[in-house]
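What follows is a set of notes on a single structure, which appears directly below.
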Amino acid sequence: MPSSPSFSSAARVLIVLAAFFIVAQGIQDAGSLLVQLLLAIYLAVICAAPLGWMIEKKVPVALAVLVLIATLILIGFGLVALLSGSIDQFSKDIPVYQGKLRAGTSSLVVWLQGLGLQVSTGDIGKVIDPGRTMSLVGTLLNGLGKAFTNTMVILLTVVFILFEVSGFTHKLDAARGAGNTDYLKRIADGIRSYMVIKTFTSLVTGVLVGLLLWILDVDYPMLWAVLAFLFNYIPNIGSIIAAVPAILLASIQLGVQPAMFVGLGYVCVNMLVGNVLEPKMMGKGMGLSVLVVFVSLMFWGWLLGPVGVLLSVPLTMSLKIIMENSSETHWIAIMLGPDSHSEK
């Protein structure tokens, strides 16, 4: 009987890396399909709790699913209506803001030259470039818009998933045994808990930002409030990205001092939500280290684009829970988690 070939540690590492990049390339090639499927799955996971509640109240499954889908459609149309109107008007006002920016830049150059610094308008333009500053926001919004282009496909997938939810657990128990599907339930519960809490805290962030900008009389407070709501789903850097265009607009429209108040207001809102409200609601947290959260943003963004950034934490949480249930990958799950000593 021929013996199985043995590989050195270095060879095994190379084989694993090669397999990883082959799989990653396949995921990228099927990115558009996977993104739609992932969005449908996560929407269905969020809707599973209210669906179960309505079924317990003796509401027919078909009617409960119809109510949930109608709610999703209304929310989606509401966001589109809020964003499209503000973006159209903002686009028309861009020449006005560009004129104010040029005037402000000229005044800044004169002031710096009065201090003895040899600078020109061109030098300042290279540093203060509104187009470059807002390009990342535009890229992410365009990517999310493309992901939701096939909204009907996503909603139909959500409908079929929700119809299967009631009997899916029994199918899994019958296929794998009642004790072998606990980790799948933990994945669903973890994703649902995270997404519900994140949606609530994002809503609070959007409302507070909208009120702040309305009080300070910054143009288009509703647009920046919706941006703050959407970008708060991106951990660590999302709130910073959402603050940049509003602060830039405030500096052009109102001046440097009001823009500083806008920036300070964003910092206060993010500290209140990110350091007080979210930790209190999430308890011990997401079960991921801060470094892993940041790296997952880059990894899933590279793999799936803007939607990957949006879903980076739920995807990484799911992988961690799956790895915890295998003796071969349990150590990877431990490395992905936070420092156990720091939680004591």
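The values are calculated or read from the model by the stated rules, or taken from the named source; none is laboratory data. Keep in mind that this is a model prediction, so the values were computed, not measured. To get the accessible areas, we keep the full protein, side chains included, count just its heavy atoms, and leave off ligands, DNA and RNA. Shrake-Rupley method; radii C 1.70, N 1.55, O 1.52, S 1.80 Å.
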Residues of region 198-225 being open to solvent by 10 Å² or more (accessible area, probe 1.4 Å) and in a loop (DSSP other than H, G, I, E, B), in sequence order, are Leu216, Asp217, Asp219, Tyr220
Just checking: which of the helices (runs of 4 or more DSSP H) contained wholly in region 226-320 hold 2 or more residues that are at pLDDT 80 or above and either open to solvent by 30 Å² or more (accessible area, probe 1.4 Å) or acidic (Asp, Glu) (or both)? 238-253, 256-271, 290-304
